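Take a look at the structure below.
The values are calculated or read from the model by the stated rules, or taken from the named source; none is laboratory data. Note that this is a predicted model, so its numbers are computed, not measured. Here the Cβ is made from the backbone with ideal geometry for all residues, glycine too, and neighbour counts use every protein chain on show.
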Amino acid sequence: MALLFDPFRELDRVAGQLLDSRQGPRLMPMDLYRDGDHYVLTADLPGVDPGSVDIDVDGQLLTIRAERTPRSQEGVTWLARERAAGGYLRQLNLGQGIDTARISAGYDNGVLSVVIPVAEEAKPRRIAVQSGASAPTAAAPVAQGEVTAA
């Protein structure tokens with residue numbers, strides 16, 4: 001097996017790591033869609049231990065944190081190292097009409113799935129139309145100082 005070493009590629013990689021302005025948490029790629037009465041968020045977190053994933057809701061702010069820990073480096077000669085270790089962070093403003101008490105999450109094959117249900121009061125509903133004597137009527141408001149006939 002022939003393995004070629006490219007010093008310029010390594011120099012670019014090291015310079016990119018040193019000059020990277022994003023030393024903080026990385027963003028995780030995600031998809032978000034609505035499926036009936038709930039939203040589904042899927043985020044790619046390959047190589048992340050599911051125990052390191054932390055999801056919390058504070059008011060209407062959903063925060064997802066995860067950590068990818070580096071492999072042991074003792075006695076290892078790296079030939080290529082492109083998978084960065086460190087923290088991941090994503091925050092979403094949920095807005096109104098979300099049932100934050102029933103949010104659930106699962107992790108399978110490096111993909112985090114978060115199910116965000118729509119609150120009952122925010123779901124579309126049908127209003128029945130009544131006719132005849134049983135139809136509700138709204139009383140007309142009486143302006144202050146106005147005289148009404150009895």
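Data for the structure
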| item | result |
| --- | --- |
| Residues satisfying the stated conditions in region 40-59, i.e. loosely packed, with under 13 Cβ neighbours inside 10 Å and either in contact with a strand residue (DSSP E or B) (Cβ under 9 Å, 6 or more places away or on another chain) or among the small types (G, A, S) (or both) | P46, G47, D49, G51, D54, D56, G59 |
| When residues of region 107-127 are limited to those that are modelled with pLDDT of 85 or more and more than 30 Å from G47 (Cα to Cα), the one surrounded by the most Cβ atoms within 10 Å (Cβ to Cβ) | V118 |
| So S72, is it among the small types (G, A, S) and exposed (fewer than 10 other Cβ atoms within 10 Å of the Cβ) | yes |
| Of all residues in region 2-39 being part of a loop (DSSP other than H, G, I, E, B), among the aliphatic types (A, V, I, L, M) and surrounded by fewer than 13 Cβ atoms within 10 Å (Cβ to Cβ), the one that is modelled with the lowest pLDDT | A2 |
| Only one of G97, G75, G86, G47 that is in contact with a helix residue (DSSP H, G or I) (Cβ under 9 Å, 6 or more places away or on another chain) and at pLDDT below 90 | G97 |
| Any hit, region 50-71, residues being among the hydrophobic types (A, V, I, L, M, F, W, C), at pLDDT below 95, assigned to a strand (DSSP E or B) and within 30 Å of L11 (Cβ to Cβ) | no |
| Any pair with Cβ under 8 angstrom, 6 or more apart, that starts in region 22-35 at a residue that is closer than 16 Å to A85 by Cβ and ends at one that is in a loop (DSSP other than H, G, I, E, B) and at pLDDT below 90 | R26/A84 |
